[in-house]
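Undergrad: Before I ask anything, here is the structure I am working with.
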Amino acid sequence: MSPLLVIFITVFLDLVGFGIIIPLSPFLSREFNADPVQIGWLMSIYSLMQFIFAPIWGRLSDRIGRRPIMLFSLFGGALSYLIFAFATSFSGLFIARLFAGICAANISTAMAYIADITHEKDRSKNMGLIGAAFGLGFIFGPVISGLSMEIGFKINSRPPFGMNFPALIASGLCFLNFLLAFKILKESLPPEKRGQAPARASRIKNALKHLSRPVVGPLILVFFLCGLGMAHMESNLFLYVSDIFNWSNKKASFGFAYVGIIMVITQGYLIRKLLPKWGERILLPMGLFMMVIGLAGIGISNSVGVLAVIMTILALGNGFTNPSVLGGISLMSDSREQGEVMGVTHSLASLARILGPPLGGWYYKHFSPSAPFFVAGIMVFVALIIVSLLISKIPNSGRQNH
């Protein structure tokens, strides 16, 4: 089996579990009388722990290999979903997401894995496979969440059944994923390349070093701003469609699955077709512009039809942006530091997801339901300006001259 296919399946199954939890969290939190700000903190605690631990796991994967870190992450994720399923209070949900964040090392490690096994000209489009796995996870995950909740209530109304039952399904899928990865996932980092990355005095200095690098630093900042904007959107979208359009958890989950379909088409097909023709220098600013329109547009959507169009634009823009940014960062980083650089990049993305949900929840509670989406659009517009200023220096290795 192709190593790319193996890593794709591993990330896909993990993201199915994640896709089950994301639409479930706001609705279940409201059952425990949480307000938008508290729900934002529930989304943030996962990312806070990921922010603390992602560089550690990334550096460790450079030292001992990608496989053991991936396996640890998958097993820990399965346990966290199990805790979530048995939670009977908002505090229980909070503890489950905290533990999940500690164990969340799989995405940055998977990207380092891809960097280990692909050539430079294919790096950005193969990073798109991670995005496609995200998209598929956000198709199947929310659908499973919406359908399994109904099954859970038929069994029993108390945890781990009822509204908690989708989390039990997520735990089972993650345990299955661990067993699958344990059996078929091979190590991608040869022994002679392990431990070659220079030692760092501190993680903060290490992050500042990469942020101060020409082109790489601004691209990491762009990834941070995009993540901050998306975190504002993701943490409040389910509350928004519930309050404005009176959607149930099932309907909201299916709407989220639609966004996943667009992400799959974009990152699994379009990005692989368009990158060789246009390259990162065209797709990146195009994707950022579409994200600005999509994020701000949610806040002025006055019907389900308009919202569907806006979310399509947003999903396309996000699909064009992420592989181009991550591919550029990877291409300008030494092969011995891929795990570390991706760890720093994703720890800053985690910082964005720490700040975004409570801030967005505060705007939602104290200003208006539309406010988080307008603020998100402004943040990504700043990222577009940054990219416009350094566009000639961004690697364009995805483009292939014919």
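Undergrad: How big, on average over all directions, is the shadow cast by the Cα convex hull of segment 197-293, in nm²? It would help to have the intermediate numbers written out before the result.
TA: On the way: hull surface 37.1 nm².
Its average projected convex-hull area is 9.3 nm².
Undergrad: Kindly write out, for segment 142-157 in residue order, the coupling ³J(HN,Hα) from the Karplus curve 6.51 cos²θ - 1.76 cosθ + 1.60 (θ = phi - 60°), rounded to whole Hz, with x marking Gly and Pro.
TA: Going residue by residue, I get x, 4, 4, 4, x, 6, 6, 4, 4, 5, x, 5, 5, 7, 5, 8 Hz, with x marking Gly and Pro.
Undergrad: Turning to a different aspect of this structure: Quick one: compute a quarter of the convex hull surface over the Cα atoms of segment 241-358 and quote it in nm². Write out the running numbers ahead of the final one.
TA: On the way: hull surface 34.6 nm².
Directional mean of the projected Cα hull area for segment 241-358 stands at 8.7 nm².
Undergrad: Further question: Give me the dipole magnitude in Debye, nearest 20, for the chain about the Cα centre, with unit charges on the beta carbon: positive for Lys and Arg, negative for Asp and Glu. Numbers along the way, then the final one.
TA: Values: 31 positive and 16 negative charges, 133 e Å.
Value, rounded to 20: 640 debye.
Undergrad: For segment 208-261, divide the Cα radius of gyration by the Kirkwood radius and give the resulting Rg/Rh value with two decimals.
TA: Ratio value, two decimals: 1.25.
Undergrad: How big is Rg to Rh over the chain, alpha-carbon atoms, Rh as the Kirkwood inverse-mean-distance radius? The partial results should precede the final answer.
TA: Working: Rg = 19.8 Å, Rh = 20.8 Å.
The Rg/Rh ratio comes out at 0.95.
Undergrad: What are the lysines whose alpha-carbon lies under 18 Å from the alpha-carbon of LYS121, with same-chain residues fewer than 8 places away excluded?
TA: LYS121 reaches LYS273, LYS277, LYS393.
Undergrad: Here's a follow-up. Using the Karplus equation 6.51 cos²θ - 1.76 cosθ + 1.60 (θ = phi - 60°), what ³J(HN,Hα) coupling, rounded to whole Hz, does each residue of segment 285-299 give in order, writing x for Gly and Pro?
TA: Going residue by residue, I get x, 4, x, 5, 4, 5, 5, 4, 4, x, 5, 5, x, 4, x Hz, with x marking Gly and Pro.
Undergrad: Also, quick follow-up: Assigning unit charges at the beta carbon (Lys, Arg +1; Asp, Glu -1) and nothing else, what dipole magnitude in debye, to the nearest 20, does segment 268-361 show about its Cα centre?
TA: Numbers: 6 positive and 4 negative charges, 60 e Å.
Charge dipole, segment 268-361, about its Cα centre: 280 debye, nearest 20.
Undergrad: How far, in nm, would the chain grow between PHE245 and GLU120 when pulled straight, counting 0.36 nm per residue and subtracting the alpha carbon separation?
TA: Details: separation 125, 0.36 × 125 = 45.00 nm, distance 4.58 nm.
Roughly 40.4 nm would be gained on extension.
Undergrad: How large is the convex hull of the C-alpha atoms of segment 237-286 per residue, in Å³? Working shown, then result.
TA: Values: hull volume 3.9 nm³, N = 50.
Expressed per residue, the convex hull around the Cα atoms of segment 237-286 is 78 Å³.
Undergrad: Helix-only mean residue ellipticity at 222 nm, the chain, DSSP H runs n ≥ 4 weighted -39,500 (n - 2.57), per residue, nearest 500. What is it?
TA: -27000 deg cm²/dmol
Undergrad: Here's another thing I want to ask about it. Give the Cα extents of segment 1-130 along the principal axes, in whole Å, largest first.
TA: The principal-axis extents, from largest down, are 51, 25, 24 Å.
Computed from the coordinates by the stated procedures, all read-outs in this text should not be read as laboratory data. As the structure is a computational prediction, the values presented were derived from the model and not from experiment. As a convention, Cβ positions derive from the backbone with ideal geometry for all residues, glycine included, and neighbour counts pool all protein chains shown.
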